Amino acid sequence: MDFLDGIRGIAALVVVVEHALESWVDGYTQWSIDTINMGRVGIVAFFMVSGYVIGLTLTHQTIRTFAIRRFWRLYPVYWLATIVWILVDLPNTNPFSAYSLFVVVANITMLQGAIPGLVGILGPAWTLGAELVYYIQTAAAKRVGLLRRSVYLGYGWLAVFVAMGIDNVARGSTSTAIVPLMLFFASLGYSLYLRDANGSRTWIGLMGAAIVVVPALSLPLLSSQAPDQLSWSVIGFNASHFVGIAVFLVARALRSRSFPKTILWLGSVSYALYVIHASVIRGLEYADLPGVAAIPIVVVLSLASAWLLHRTLEVPSIALGRRLSTRSAHPRFSNVGTASAGPTVESSDSHQPVNALQPTGAPSSQSDPTSKGARHE
């Protein structure tokens, strides 16, 4: 599953470059949303990877194992990155007066991105709240034996996206509708997993909607953007999504090939890079670096910070999550035959070929989702 790491590595890097350019190059932000926004490209690719990975993971893991491993994979790194941001941003923001108790609690739980209008302390982390919604949705579907059918919820999220755009026009509101749109792209990613796993054709309708329906029905949203903010153009909005989809599809088409070690390394530190780079940028803004010359400095320092965070906290946290999930799956005093001998596959997916995603002759990592695929837990 190296292609998934490859996508995440590239996506995280382009997000860092986008935010650095926005900070140091005058006029770049407007140009990017008029033409193509690398940050949005990366986010679309991220959500498609999430849809693919969560479908793969929940097919082979119990909900309890999934929840434990996700918690330890995401929250410790996120909490530390948020604390670093608060400290770096102290010259600009007094956290005691700027954030209410509700805002703090919502940010601790990572739900801020899922609650419209709620202040996010760590800017890029809004996507984590949206992903949390997707995790809950998919886990709930597995609980009731409808995991595979949950792919159709993508159409529901697309309907919410369209409805929010229409509501903007009707009531003069200025919602970005970004969360339901990204959840739609996660469903698109899941549909491609189902296609690779068992030949499902659900991806055809969702891909058609992404290419035709999203551009056509985004017009109400784009016509109702807040006048005091930078506004997306039709070209910039849709081109960014198309390129994000293309990044995923190209990497997926190359999944039988070996990816460069540099790209795979980027994938391994992608989460740490995503949550820590904003603090690096804010810290360097105090140094008043000159224009474009700041970009490589931002990239190098962000990568170094991500590697440090990955090695010192993310890797141990992931290992702890695996140990705890294994312990909970095999209680010390459980009766023989009551504890699962391996990842539980729900009955509705039990016919799914375990090695369907592997090229012929390739070693399998799917039969044990804690092996090479553990990076995608």
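Pairs needed: first member in the range 101-126, at pLDDT below 90; second member anywhere, in a loop (DSSP other than H, G, I, E, B) and of a type outside the set (A, V, I, L, M, F, W, C); C-beta distance under 6 Å; at least 6 residues apart or different chains.
From the range 101-126, the pairs are Gln112/Gly120.
What is the one condition in (1) of a type outside the set (Lys, Arg); (2) more than 16 Å from the chain's Cα centre (by Cα); (3) assigned to a helix (DSSP H, G or I) that Thr138 does not satisfy?
The single condition Thr138 does not satisfy is (2).
Please note which helices (runs of 4 or more DSSP H) are completely contained in the range 15-125 and include at least 1 residues that are buried (at least 19 other Cβ atoms within 10 Å of the Cβ).
Helices (runs of 4 or more DSSP H) meeting the threshold: 28-34, 38-60, 63-88, 101-109.
Which of the following residues is over 28 Å from Tyr52 (Cα atoms), at pLDDT 90 or above and among the polar types (S, T, N, Q): Ser334, Ser279?
On inspection, the qualifying residue turns out to be Ser279.
Six or more apart or on different chains, Cβ atoms under 6 Å: show the pairs whose first residue is in the range 17-28 and in contact (Cβ under 8 Å) with a residue 60 or more places away in the chain and whose second is surrounded by fewer than 17 Cβ atoms within 10 Å (Cβ to Cβ).
Close Cβ pairs satisfying both conditions: Leu21/Tyr28; Trp24/Gly291.
Do any residues in the range 307-322 that are in a helix (DSSP H, G or I) have Cβ atoms under 7 Å from those of residues that are crowded, with 18+ Cβ neighbours inside 10 Å and among the aromatic types (Phe, Trp, Tyr), where the two are at least six apart or on different chains, and which pairs are they?
Glu314/Tyr271; Ser317/Trp72; Ile318/Trp72; Leu320/Trp72; Gly321/Trp72
Across the range 108-125, what is the total count of residues that are under 19 Å from Met48 (Cα atoms) and more than 10 Å from the chain's Cα centre (by Cα)?
3
Do the conditions hold for Leu313, that is, is it of a type in the set (A, V, I, L, M) and buried (at least 16 other Cβ atoms within 10 Å of the Cβ)?
yes
To keep it simple, each residue is scored yes or no on (1) in contact with a strand residue (DSSP E or B) (Cβ under 7 Å, 6 or more places away or on another chain); (2) in a helix (DSSP H, G or I); (3) within 24 Å of Leu222 (Cα to Cα).
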| residue | (1), (2), (3) |
| --- | --- |
| Arg149 | no, yes, no |
| Gly156 | no, yes, yes |
| Met164 | no, yes, yes |
| Thr176 | no, no, yes |
| Leu183 | no, yes, yes |
| Tyr193 | no, yes, no |
| Asp196 | no, yes, no |
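If a residue must be surrounded by fewer than 17 Cβ atoms within 10 Å (Cβ to Cβ) and in contact with a Ser or Thr (Cβ under 6 Å, 6 or more places away or on another chain), how many such residues does the range 278-308 contain?
Result for the range 278-308: 0.
Please tell me if Gly165 is over 30 Å from Thr62 (Cβ atoms) and surrounded by 21 or more Cβ atoms within 10 Å (Cβ to Cβ).
Taking the combined requirement at face value, the residue satisfies it.
Would you mind stating whether Ser231 is at negative phi and outside any helix (DSSP H, G or I)? Reasoning before the result, please.
Values: at negative phi: yes; outside any helix (DSSP H, G or I): yes.
Against the criterion (at negative phi and outside any helix (DSSP H, G or I)), Ser231 qualifies.
The values are calculated or read from the model by the stated rules, or taken from the named source; none is laboratory data. Predicted, not measured: the structure shown is a model, and the values here were computed from it. Backbone-built Cβ (ideal geometry, glycine too); neighbour counts: all protein chains shown.
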